[in-house]
1. Filter the range 58-109 for residues that are open to solvent by less than 50 Å² (accessible area, probe 1.4 Å), in contact with an Asp or Glu (Cβ under 8 Å, 6 or more places away or on another chain) and in a strand (DSSP E or B) and give the result.
2. Going through the range 38-87 one residue at a time, which ones are among the charged types (D, E, K, R) and modelled with pLDDT under 95?
3. When residues of the range 43-57 are filtered for being in contact (Cβ under 8 Å) with a residue 12 or more places away in the chain and outside any strand (DSSP E or B), how many remain?
4. Counting only residues that are at pLDDT 80 or above, out of contact with any Leu (no Cβ under 8 Å at 6 or more places or on another chain) and farther than 30 Å from T216 by Cα, which one in the range 139-184 is surrounded by the most Cβ atoms within 10 Å (Cβ to Cβ)?
5. Going residue by residue through the range 218-230, is there one that turns out to be at pLDDT below 95 and either assigned to a loop (DSSP other than H, G, I, E, B) or surrounded by fewer than 14 Cβ atoms within 10 Å (Cβ to Cβ) (or both)?
6. Being part of a loop (DSSP other than H, G, I, E, B) and more than 25 Å from the chain's Cα centre (by Cα) is the filter here; which residues of the range 176-211 pass it?
7. Anything in the range 231-245 that is assigned to a strand (DSSP E or B) and open to solvent by less than 60 Å² (accessible area, probe 1.4 Å)? List them, or say none.
Amino acid sequence: MKKSIRIFPALLLAGVLSVTAKSAQESVDPFAPGQGEEIPQRDNSPKFISITFETFSVSLADAVSLYNGQPSDTALYKEITSRVAKGKAKQENFVVLRARSGERAALKNTSEFIYPASYLPDTTPAVKPQPAGGVAPKPSNPAAAPAPAAPVPAVAAPTSALPFPTDFKTRDLGLSLVIEPTIGGNDSIIDLRIEPIIVTLADRTKWGPADSGIETPVFEVQSLSTANTMLTGQTQLLGTMSRPPASKADAEATGRIWFAFVTPKILSVPRH
């Protein structure tokens with residue numbers, strides 16, 4: 001008598017699935033590239049940093065309400081730039097300077113002003129005072145000499161000679177910017193040292209007599225030197241680079257405040 005062997009379909013399917021799962025596990029190498037947990041690949045292309053420096057001026061009352069009323073530097077920057085478009089704020093400077101990570105870069109938008117710094121006094125010999133009519137001749141006969149005349153007033157020596165300049169200095173008028181940026185962790189953090197300086201020729205002052213005085217320049221300086229940590233693409237407030245309150249270059253300086261912002265960006269070197 002013949003015996004028949006029955007194969008249950010459920011058992012057969014379970015065996016096939018277990019063999020397939022085992023084969024799949026054996027074929028996966030967790031240490032092979034692209035296997036296991038996916039790790040984001042770092043961009044190894046060469047990079048540099050672009051720094052945008054801007055200044056804006058607003059009225060003193062607006063400056064107080066703006067600074068205290070905005071939740072962040074980014075919000076403050078957006079509000080001020082929107083007021084520039086409406087004529088309620090003024091953009092004073094816009095500068096872009098780029099550098100490699102860890103290296104110093106400098107930019108100048110200036111003109112050179114040369115002025116004397118020291119002088120020698122006038123060494124012209126003094127002119128001896130002479131009588132207005134000259135020296136009277138001496139008579140040959142003393143007995144016949146006339147009675148002495150009244151004294152003639154002396155002629156004063158001229159005093160219009162100017163001091164002689166011996167040393168000169170040069171001052172840059174305008175904006176000078178120095179940066180030193182460094183790329184930090186994960187190519188998103190930037191450590192930035194920055195020093196903007198704005199120099200303005202405000203006035204000239206005269207020292208000494210009206211006809212022989214010395215004229216010296218008066219400069220106004222707006223400067224800032226700081227080191228900040230920031231994120232790429234995020235605008236940050238550096239400080240208020242306002243003019244001096246008693247400014248001679250800008251009569252309205254007392255009522256205006258300057259805000260200085262910087263926006264850093266990490267950029268890859270373009271391949272095309």
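The values are calculated or read from the model by the stated rules, or taken from the named source; none is laboratory data. Everything numeric in this text was worked out from a predicted model, so none of it was measured. When we count neighbours, we look across all protein chains shown, and the Cβ atoms used for this are built from the backbone with ideal geometry, even at glycine. Just the protein is used for accessible areas: all its heavy atoms, side chains included, with ligands, DNA and RNA removed. Shrake-Rupley method; radii C 1.70, N 1.55, O 1.52, S 1.80 Å.
1. N93, V95, A99, A105
2. Matches in the range 38-87: E38, R42, D43, K47.
3. 3
4. Result: I183.
5. Yes: the range 218-230 contains one or more residues that are at pLDDT below 95 and either assigned to a loop (DSSP other than H, G, I, E, B) or surrounded by fewer than 14 Cβ atoms within 10 Å (Cβ to Cβ) (or both).
6. Within the range 176-211, G208, P209, A210, D211 qualify.
7. Result: Q236, L237, L238, G239.
Here's the yes/no breakdown for (1) of a type in the set (A, V, I, L, M, F, W, C); (2) at negative phi; (3) in contact with a Phe, Trp or Tyr (Cβ under 7 Å, 6 or more places away or on another chain):
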| site | (1), (2), (3) |
| --- | --- |
| L177 | yes, yes, yes |
| D187 | no, no, no |
| I190 | yes, yes, no |
| G213 | no, yes, yes |
| F261 | yes, yes, yes |
